[in-house]
1. Taking the Cβ of A:TYR46 as the centre, find all other residues whose Cβ is under 15 Å away and add up their charges (Lys, Arg: +1; Asp, Glu: -1).
2. Note down, for segment A:1-107, the three equivalent ellipsoid semi-axes (square root of 5 times each alpha carbon gyration tensor eigenvalue), biggest first, whole angstrom.
3. Over segment B:1-113, what lengths in whole Å, largest first, do the semi-axes of the equivalent ellipsoid take, defined as the square roots of 5 times the eigenvalues of the alpha-carbon gyration tensor?
4. Just checking the output field for A:66-77: average partner chain Cβ neighbours within 10 Å of each residue's Cβ?
5. What percent of all Cα-Cα pairs in segment A:19-81 falls in each 5 Å bin, counting up from 0?
6. Any chance you could list the semi-axes, whole Å, largest first, of the equivalent ellipsoid that the Cα gyration tensor gives for segment A:1-52, using √(5λ)?
7. What distance in nm lies between label points placed 7 Å from Cα along the C-beta direction at B:GLU62 and B:THR15?
8. Alpha carbons only, please: Rg and Dmax for the protein assembly as shown, in angstrom.
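Please treat every number below as a calculation from the coordinates, not as lab data. Computed from a predicted model, the values in this text were never measured in an experiment. A quick note on method: Cβ atoms are made from the backbone with ideal geometry, for glycine too, and the neighbour counts reach across all protein chains shown.
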Amino acid sequence: DAKTTQPNSMESNEEEPVHLPCNHSTISGTDYIHWYRQLPSQGPEYVIHGLTSNVNNRMASLAIAEDRKSSTLILHRATLRDAAVYYCTGGGSQGNLIFGKGTKLSVKP
Amino acid sequence: DSGVTQTPKHLITATGQRVTLRCSPRSGDLSVYWYQQSLDQGLQFLIQYYNGEERAKGNILERFSAQQFPDLHSELNLSSLELGDSALYFCASSARGNMNTEAFFGQGTRLTVV
């Protein structure tokens, strides 16, 4: 199963961009990279996912390194509502999501 | 609202008892995943069902079992409960059996074993 490594915590100022890094050096060539976020006592929320090329949606952008050993989730303008634990996860060998410890993002007004 | 419904939201029970957690996936989703989240272990994958069949198994204890019914809802059965089973249990669903598509999580069932 893919193992991911993320910083334990990061801080950002409101309305500034945030770049959340993730290393996933053991991910297989066919596994998608997923990002989810979780607020306290709530279920994880899907943010974005991709395979090789960069991806954009209304919530964020995902930049995937050419060698696929790392990726970066980009929140273009952080808001207070973006404060959460962000999980980078690669697909498990059996087609499921394996979660690490995630990065706790704090957003300062 | 993710479209995934979990019941009950909260459950308090005694050690040694058995409980059943229920999950209704998003309309049209064929895969259901169960996760356990405790303070010290993070999100642990338990088991996946796809269109009624077990697809993948994670760190699920022998005291735990699950099934997916023909209408695609799923139940997670936890028996001989111990204090350490106290945790949030999440269900997620996705359209297909692999992770080429996004998964949607329910709001969870908070289980407290006393």
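1. Charge balance near A:TYR46 sits at -1.
2. That gives 22, 15, 12 Å for the three semi-axes.
3. Sorted largest first and rounded, they come to 22, 14, 13 Å.
4. 0
5. 4, 17, 29, 24, 15, 8, 3, 0
6. Each semi-axis is the square root of five times an eigenvalue, giving 22, 14, 12 Å.
7. My value for the distance between the label points is 2.0 nm.
8. Answer for the protein assembly as shown, Rg first and Dmax second: 17.3, 52 Å.
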